[in-house]
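The values are calculated or read from the model by the stated rules, or taken from the named source; none is laboratory data. These numbers come from a predicted model, not from an experiment. Cβ sites come from the backbone with ideal geometry, for glycine too, and all protein chains shown count toward neighbours. Remember, those area values only see protein heavy atoms, side chains included, never the ligands or the DNA or RNA. Shrake-Rupley method; radii C 1.70, N 1.55, O 1.52, S 1.80 Å.
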Amino acid sequence: MAGDPEQRGARLLVLGAGPAQLGLLEAARRHGLFVIAVDRDPSAPGFAHADRRAIVSTEDERGIERLARAERVDGVIAPGIDFPVAIAARVARGLGLPHPLDPATAVLATNKERQRERLAEAGVPQPRSRVLDDDAGRVELPCVVKAPDRQGQRGLALVREQAELQPAIAAAREASRSGHVLVEELVDGPEITVNAFWVGGEFHPLTVTDRLTAEPPAFGVALAHVWRASAEPVALARAAAEALGVADGPTYTQIRVGPEGPQVIEVAARLGGGHDAELCEAALGVDLNGLALSAALGEAIEPGRLRIRDGVGGACVRFLVAPEGELEGVRGVEEAEAVEGVGWVRLYRRPGHRFGPLRIGSDRAGAVLAVGTSRDEALAAAADAAARVRFDVVGAPVA
Ligand SMILES: Nc1ncnc2c1ncn2[C@@H]1O[C@H](COP(=O)(O)OP(=O)(O)OP(=O)(O)O)[C@@H](O)[C@H]1O
Ligand SMILES: [Mg+2]
């Protein structure tokens with residue numbers, strides 16, 4: 001089949017081999033690609049699916065460029081995490097490789113400050129925001145404080161009381177690459193994720209999911225993605241990505257439905273990092289990982305690959321959280337995977353890892369994918385499976 005990566009034995013550089021890249025790495029292998037995976041963590045779980053691994057940070061642009069040249073890759077992709085998306089676009093441009101994003105669009109998609117400016121110019125509804133100077137001045141509470149150039153909830157906080165403001169600003173500044181701190185109006189309401197795929201400027205909305213998040217101090221951390229969502233703000237997701245200039249490849253758009261209607265929290269021009277592509281395949285029968293692989297290799301996308309086959313009534317990814325302490329082992333995974341409707345259980349960490357309290361996404365311990373005849377049935381299957389997975393930890397802090 002023309003446009004099928006399997007026919008090409010193409011060489012692909014994948015930035016990241018952590019939990020957020022697992023699904024794409026598995027799919028790359030399934031599609032017969034030769035995969036070179038990059039991660040600074042030698043124990044990254046995704047390395048198991050790579051043909052070659054490089055212990056290089058996904059933020060080391062020069063190291064990645066050197067590797068791409070040396071390995072004579074046909075494409076570069078950064079699934080699941082923001083910052084390397086811009087690196088992938090620049091490296092692809094430098095090597096004359098096809099790529100779904102041009103470097104300028106990739107910057108708009110990975111820098112929250114630049115993105116807010118662009119969305120404002122385009123009149124896309126979003127929370128009011130401003131960049132703080134050294135003197136914060138008057139800040140209306142509640143608000144959300146964040147580092148504009150980080151992801152995964154690093155440096156992100158919900159501030160409800162005055163006493164929380166200065167520590168939140170200090171933490172965001174510490175996390176921020178540029179030293180800038182962004183303060184935003186809190187959009188209070190349910191959160192929806194729109195997963196979509198673009199082909200030559202044409203928008204194809206795929207799974208729209210509820211993002212169920214943790215409370216502070218783990219503000220914004222996803223605990224589950226649930227399909228179908230309670231609202232479907234796809235027109236807004238489309239307008240937001242168009243404003244940034246995205247015309248090809250996957251987009252992942254976080255939207256909160258507040259009192260003033262749906263507002264864009266953030267657009268990412270990549271696959272979601274919470275197994276969103278696998279959820280899409282389970283829910284709609286669309287191989288979103290495969291589509292992203294094709295986009296990264298500059299392959300033509302046949303329309304049939306985007307056809308939705310609505311086989312199930314509900315589907316979800318539920319994340320697992322372990323108790324604090326050093327991981328000794330995990331029990332009950334087989335039992336959990338045997339629960340009807342459960343597709344898989346993924347574990348993010350190996351024995352020896354020390355779990356702290358849940359604060360940001362990378363503190364999570366794993367995930368369960370489940371389907372059902374309804375959304376509630378999928379959620380119930382995932383809850384049943386999650387309850388069967390036991391993380392044995394030692395040396396938990398004494399309360
Ligand atoms: N202005 C806001 N109003 C309401 N909720 C917000 C706001 N900003 C962020 N959040 C919450 O925090 C989550 C993460 O926000 P954001 O995308 O800005 O940070 P991030 O570090 O890039 O996280 P992620 O990696 O999950 O995208 C959002 O999905 C949402 O739940
Ligand atoms: Mg984000």
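Ranking Phe319, Ala383, Val56 by how far each Cα lies toward the positive end of the dipole of the chain (charges on Cβ) leaves Val56 at the top. With θ taken as phi - 60° and the Karplus curve 6.51 cos²θ - 1.76 cosθ + 1.60 applied, the whole-hertz 3J(HN,Hα) list for the range 258-270 is x, x, 8, x, x, 10, 7, 7, 6, 10, 10, 9, 6 Hz, x standing for glycine and proline. Accessible area per residue for the chain is 42 Å², calculated with a 1.4 Å probe on protein heavy atoms, without ligands, DNA or RNA. The portion of the accessible surface of the chain made up by carbon and sulfur, rounded to a whole percent, is 48 (1.4 Å probe; DNA, RNA and ligands excluded). For Glu324, neighbours were defined as the other residues whose beta-carbon sits under 14 Å from its Cβ, and their charges (Lys and Arg +1, Asp and Glu -1) total 0. Take each peptide in 188-195, 244-251, count the other Cβ atoms within 10 Å of every residue, and average; sorted highest first, the result is 244-251, 188-195.
In terms of packing, defined here as the mean over residues of other Cβ atoms within 10 angstrom, the peptides 60-70, 313-323 line up highest first as 313-323, 60-70. So how much accessible area does Asp276 have, in Å² to the nearest 10, using a 1.4 Å probe? Counting only protein heavy atoms, the figure is 0 Å². Between Ala300 and Val394, the FRET efficiency estimated from the beta carbon spacing at R0 = 56 angstrom works out to 0.55.
Put simply, the amide H of Asp74, placed in the peptide plane, has neighbours under 5 Å in Arg11, Leu12, Leu13, leaving out anything fewer than 5 places away on its chain. In the chain, the alpha-carbon atoms span a convex hull of 138 Å³ per residue. The label-point distance for Arg62 and Arg354, in a model that sets each label 7 Å from Cα toward Cβ, rounds to 3.2 nm. A crude spin-label estimate for the pair Glu202 and Ser230, with each label 7 Å from Cα along the Cβ direction, gives 3.5 nm. With the simple model of a label 7 Å out from the Cα in the direction of the Cβ, Arg30 to Arg138 spans 5.6 nm.
Using just its DSSP H runs of length 4 or more, each adding -39500 (n - 2.57), the chain gives a mean residue ellipticity at 222 nm of -8500 deg cm²/dmol after division by all residues. Around Val267, with a cut-off of 12 angstrom between Cβ atoms, what is the net charge of the other residues, counting Lys and Arg +1 and Asp and Glu -1? Here the count lands on +3.
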